[in-house]
Each structure stands twice: as C-alpha cells, then as structure tokens.
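**Student:** This is the structure I want to talk about, given as structure tokens.
The values are calculated or read from the model by the stated rules, or taken from the named source; none is laboratory data. All values reported here derive from a predicted model rather than from experimental measurement. Positions of Cβ are generated from backbone atoms using ideal geometry, with glycine treated the same way; all protein chains shown enter the neighbour counts.
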Amino acid sequence: MLVDTQPATYQHVPAAPEVRDDWVDAQLIGVVMDNAVFSLVAAVLVVPGLLFIMWGEIAPWVLLVWAASVLGVLAVRYRLFGVYRLRYDSVGGGRRQAFMKRYAWTWALVGVLWAVPMGLVYLQASLQVQFVCGLVLAGHGLLSLTAFGAWFPAFRTYVNCLLGTVMAFQLGIQTWLGWGNAEEARLTMVLVFLLGVFWFLLYVAGRSLHSIYRSSFELQFSNQELIDSLTQQTRAALRAVATKNRFLASAAHDLRQPVHALGLYADWLASEPEMAREISPRILQSTRAINELFDSLFDLTRIDAGNYKVRLQVVDVQQLLADLALQYEPMAAAKSLRMRFHVGRPSTVWSDPVVLRRILGNLLSNAIKHTQRGGILLALRWRNDGTKVFEVWDTGVGIAHEHQKAIFQEFFRVLQHQGTEDSLGLGLTIVSKLATLMGYRLSVSSQPGRGSVFRVMLPVFTQKADGESAGEGDSSPGRPPQPTPPMPPEPQAAPLAGGGAGGVQ
C-alpha cells in the first residue's frame with residue numbers, strides 16, 4: 001500500500017515583500033487597463049463636440065489637424081491595450097511595469113493634445129467657447145482620477161502634461177498679446193492661480209486614490225495568504241490524524257502478535273512443564289520482538305520530539321565497520337550469505353558514532369532480511385567534491401519503483417516480499433529520520449529481482465576539516481579510492497526528495 005509521503009505538519013512562511021509588491025503592482029496596472037476602454041470611448045465622443053463648438057472660431061484646417069492627431073493617438077492606445085491583453089495580462093508586475101514605462105509617452109502625448117483646444121481659444125474666441133473648453137479641460141482632469149488613479153505614474157504623467165501645457169499656453173498667449181491690458185493680465189493671472197490649485201488638488205486626490213487601491217490589494221494579498229495557510233494547515237492536520245491513526249493501528253497490530261504468542265507459550269508451559277526446553281527459545285524470541293518494537297517506537301518518539309542528543313566526534317571508519325561485522329556477520333552466515341566490508345584506506349569521519357552505527361546497522365539488517373542468496377557489501381567511497389558515501393549493496397529481492405517513496409513510512413511493508421512477515425516496518429523510517437537529523441542525504445538504486453544499493457552521503461559541510469586521520473591526510477584530496485570488489489551492475493538510481501531513500505522493510 002502506498003502512503004502519503006508529505007509531512008504531517010505545515011509551517012506557514014509569509015511571502016517576501018518583493019513578491020507581495022510585484023503582485024500588487026500587477027493588479028494596479030490591471031485596473032488601469034480595465035478602465036482603458038471606458039476612457040477611450042469618452043475621449044472619442046468628446047472630439048466631435050469640440051469640433052462643433054470651435055468651428056467658425058478657429059481655422060478649420062487647424063481643427064482638422066488636431067482632431068486627426070487625437071484620433072490617431074487614441075487608435076495607437078487602443079492597439080496597445082490589445083497587445084497588453086494578449087501578452088501581459090497574465091504576467092508578473094515587473095513585466096507589466098516595463099510595458100507601462102515603454103509606452104508612457106502615449107499618456108504624455110494625449111495630455112498635451114487635450115490641452116491644445118484651450119490654447120487655441122484662450123483670449124482669441126468667444127467667452128462661451130472658452131468656457132466650454134475649460135469645462136472639457138476640468139472634465140478630463142477629473143476623469144483621469146478614475147482612468148489612471150490606480151497607477152500613480154501614469155496619472156502623474158497625464159495630469160502634468162495636460163495642465164502644464166494649458167498653463168504654458170495661457171502665459172504664452174498673454175505674453176504674445178502683451179501685458180498692457182490690465183484686465184486681461186489680471187484674468188490670466190487668476191486663471192493660472194486657479195489652474196495651479198486645481199493641479200495641486202488633483203495631484204493630492206490621485207495620490208490618495210492610489211494609496212487606497214494599493215492598501216486594498218495588499219489586504220487582498222494578505223487575506224489570500226491567510227486562506228492558503230489555513231487550507232494547508234487543515235490538510236496537514238488531517239494528514240497528521242491519518243498518520244497517527246495508522247501508526248497506532250499498526251503498532252497495536254504488531255504488538256498484539258508477540259504478546260498473544262507469549263500467552264500461548266505460557267499456557268503451553270503451564271500444561272506441559274516438561275516442554276520448557278523447547279518453549280523457552282520461543283518465549284525469548286517473542287520477548288525480543290516486543291523489545292525491538294518498543295525500542296524503535298521510543299527512538300521515533302525521541303527524534304520527532306527533538307530529544308535525540310547528537311554527540312559529534314571523530315569516528316574511525318575501520319573500527320566502526322569491525323563492530324558492525326561482529327554484530328551482523330553471524331546473522332548473514334546463518335542464511336549462508338557472504339558479507340563484506342571495504343574501506344580501501346584508513347579513514348575517519350566527523351559524526352556521532354551511535355547514530356552512524358544505527359543508520360548503517362539498520363541498512364545491513366534490512367539487506368540481510370530480504371536477501372536469500374548472494375551477498376552483502378558495505379563500502380565507503382569518496383567523491384570528487386569531497387563527499388563521503390557509505391554504500392550498502394545486496395543481491396536481494398529489490399524494490400519496485402512504486403514502493404521506493406513509501407517504504408520510509410512507519411510500518412510500511414512490501415507484503416509480497418519474503419522476509420516482511422517478521423519485519424516491524426520501522427528500520428528505514430529510523431534511518432531516514434536520523435539521516436535528516438545529521439544533515440546526510442540518502443538515495444536508493446534498485447531493480448526487482450537483482451538487488452539494491454543504499455547510499456548514505458556525508459556532505460562536506462557535515463565534516464570537520466581537522467578531524468581527518470593522518471593516514472587519510474597523506475592522500476591527496478582528489479585521489480580516487482581503491483577498487484571495490486565487484487558487485488552486480490547498479491540498477492537505475494531513484495533519489496528521493498528531501499534526503500530520503502527507499503528500501504524493503
């Protein structure tokens with residue numbers, strides 16, 4: 001059975017401010033583009049009205065050139081909005097900002113063109129025409145709040161060009177006509193002052209509107225983050241409950257079997273005391289199974305609770321392998337399996353000897369359980385980047401690809417494999433957790449029916465530079481290790497994410 005390999009807990013990590021700002025900028029530019037069609041339609045409808053009002057007051061060819069220029073720029077902007085929809089509507093804020101900067105000149109040009117009618121009629125047409133053009137000018141200024149207020153750079157460019165051009169026209173025309181007429185000069189100065197006040201108020205309103213838009217989208221982003229976090233935490237809680245239920249059910253099942261066997265043996269011994277010599281080994285076997293289960297459960301609990309103490313020191317690899325050989329060679333010999341250990345040269349590693357021995361011992365025990373003929377090899381190799389790799393080879397039943405991620409779950413067993421009947425399904429779980437605790441990486445290469453090779457990789461950052469022995473220090477860093485006795489061809493590797501590995505439990 002395949003089980004969920006995702007972690008049972010979830011720790012929310014807030015998005016970086018750069019990510020939030022990028023998303024908010026994208027939404028602000030999107031608002032401007034959503035309002036683009038409305039502003040274009042309004043502008044196109046205003047052009048005929050202005051032509052009608054100014055016709056007869058201004059030279060027709062001037063009006064036609066102005067109208068053609070406005071409609072041409074509006075057509076270009078309509079085309080740009082289409083390009084935006086096709087290419088930029090679903091990209092991040094950085095590319096959208098680049099698009100807005102690239103075509104900022106269109107906002108500036110539109111502002112200048114809408115200021116031209118006021119420059120054409122000021123002090124040169126009837127007061128009614130000047131009044132209407134002034135109303136159109138004020139309307140464009142107010143409309144820009146709705147059209148461009150979400151993205152302040154576009155709003156600022158448009159308003160500055162619109163009102164700045166009108167103010168320049170007023171002062172320029174008055175200078176051209178002369179300042180001798182006191183009434184006209186006073187009117188011009190008043191209008192310039194009022195235009196400046198209107199400009200300032202528009203600027204303040206535009207900045208405030210932009211701040212409101214930005215705050216709204218930042219709040220929306222935070223809310224979405226909160227929703228995603230709650231969703232992930234809910235899923236993690238459900239996975240934790242499922243893992244706990246499966247863990248307790250499997251532990252109770254595996255504990256019930258040896259306890260039930262002890263009860264049967266006790267009844268048997270009570271009824272037939274003369275069978276003590278035959279029953280005693282079976283009682284001891286059941287007791288060892290219970291102790292092994294409890295030891296594994298306690299180890300898992302200590303690791304998960306963060307109470308597993310690590311004591312780093314220099315570990316003699318040859319002595320470590322000798323201790324492992326003393327413990328596991330009899331088990332291999334009982335199954336007529338060849339067990340070999342290979343280092344190649346004197347070596348030490350910087351590690352916790354108890355943890356490292358537990359990791360390698362569990363891998364050896366796993367290999368012995370699921371190998372019926374052939375042999376097992378534990379070797380230490382060196383990689384060019386300085387990584388030290390312990391490899392456990394076996395010629396056992398192998399692991400199917402679909403099981404290579406599931407076998408690190410508690411109590412998981414490949415039921416069709418011989419040897420899983422007496423396995424608790426905790427050995428490789430402990431290997432994975434201890435390797436993660438030490439900062440090691442695990443991988444497995446396997447083919448069903450041909451065997452497996454497990455690798456425990458000790459990266460350079462986990463090793464202490466001055467912890468090398470004299471024998472190893474005499475060798476150059478790039479010197480390859482001595483040849484390892486031949487083993488079966490290595491199956492296709494299947495490295496697991498997060499430093500995990502798979503195997504037969």
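**Student:** Can you work out which of the residues in the stretch 22-61 that are charged (D, E, K, R) and buried (at least 17 other Cβ atoms within 10 Å of the Cβ) is nearest to the chain's Cα centre (by Cα)? Full working, then the answer.
**Tutor:** First pass over the stretch 22-61, keeping only residues charged (D, E, K, R): 22, 25, 34, 57.
Retained after the next criterion (residues that are buried (at least 17 other Cβ atoms within 10 Å of the Cβ)): 22, 25.
Details: Asp22: 16, Asp25: 21 Å.
Looking at the filtered set, the residue picked out is Asp22.
**Student:** If Ile303 satisfies all but one of (1) surrounded by 17 or more Cβ atoms within 10 Å (Cβ to Cβ); (2) β-branched (Val, Ile, Thr); (3) modelled with pLDDT of 75 or more, what's the number of the condition it fails?
**Tutor:** (3)
**Student:** Scan the stretch 81-136 for residues that are polar (S, T, N, Q), in contact with a helix residue (DSSP H, G or I) (Cβ under 9 Å, 6 or more places away or on another chain) and either under 30 Å from Asp22 (Cβ atoms) or at pLDDT 90 or above (or both) and jot them down. Explain how you work it out, then say what you get.
**Tutor:** Kept after step one, since they are polar (S, T, N, Q), are these residues of the stretch 81-136: 90, 97, 106, 124, 126, 128, 130.
Subset that is in contact with a helix residue (DSSP H, G or I) (Cβ under 9 Å, 6 or more places away or on another chain): 97, 106, 124, 128, 130.
Those that are polar (S, T, N, Q), in contact with a helix residue (DSSP H, G or I) (Cβ under 9 Å, 6 or more places away or on another chain) and either under 30 Å from Asp22 (Cβ atoms) or at pLDDT 90 or above (or both): Gln97, Thr106.
**Student:** Also, quick follow-up: Taking the stretch 68-93 on its own, how many of its residues are outside any loop (DSSP other than H, G, I, E, B) and under 33 Å from the mean Cα position of the chain (by Cα)?
**Tutor:** Looking only at that region, the number is 8.
**Student:** Please verify whether Met331 is among the aliphatic types (A, V, I, L, M), in contact with an Asp or Glu (Cβ under 7 Å, 6 or more places away or on another chain) and assigned by TED's automatic domain parsing to the domain that holds Leu428, treating the condition exactly as stated. So that I can check it myself, show each step before the final result.
**Tutor:** On the way: among the aliphatic types (A, V, I, L, M): yes; in contact with an Asp or Glu (Cβ under 7 Å, 6 or more places away or on another chain): no; assigned by TED's automatic domain parsing to the domain that holds Leu428: yes.
Here the answer is no, as Met331 does not meet what is asked.
**Student:** Now a separate question. Within the set of pairs 6+ apart or on separate chains, which have a first residue in the stretch 203-217 that is farther than 11 Å from Ala150 by Cα and at pLDDT 95 or above, a second that is surrounded by 14 or more Cβ atoms within 10 Å (Cβ to Cβ) and hydroxyl-bearing (Ser, Thr, Tyr), and C-beta atoms under 7 Å apart?
**Tutor:** Listed by first residue and then by second, the contacts come to nothing, as the list is empty.
**Student:** Looking for whichever is among the hydrophobic types (A, V, I, L, M, F, W, C), within 30 Å of Cys161 (Cα to Cα) and surrounded by 11 or more Cβ atoms within 10 Å (Cβ to Cβ) here; the options are Leu209, Leu238, Leu230, Leu226. Which one fits?
**Tutor:** Leu209
**Student:** While we're here: Could you check the stretch 313-333 and list, in sequence order, the residues that are out of contact with any helix residue (DSSP H, G or I) (no Cβ under 9 Å at 6 or more places or on another chain), loosely packed, with under 15 Cβ neighbours inside 10 Å and closer than 23 Å to His370 by Cβ?
**Tutor:** Matches in the stretch 313-333: Leu326, Pro330, Ala333.
**Student:** Could I ask something else about it? Counting only residues that are more than 29 Å from Ile53 (Cβ to Cβ) and polar (S, T, N, Q), which one in the stretch 78-117 is surrounded by the fewest Cβ atoms within 10 Å (Cβ to Cβ)?
**Tutor:** Ranking the qualifying residues of the stretch 78-117, first place goes to Ser90.
**Student:** Moving to a separate point now. Please determine, by comparing only the residues of the stretch 369-396 that are among the hydrophobic types (A, V, I, L, M, F, W, C) and surrounded by fewer than 20 Cβ atoms within 10 Å (Cβ to Cβ), which one is farthest from Ser446 (Cα to Cα).
**Tutor:** Trp382
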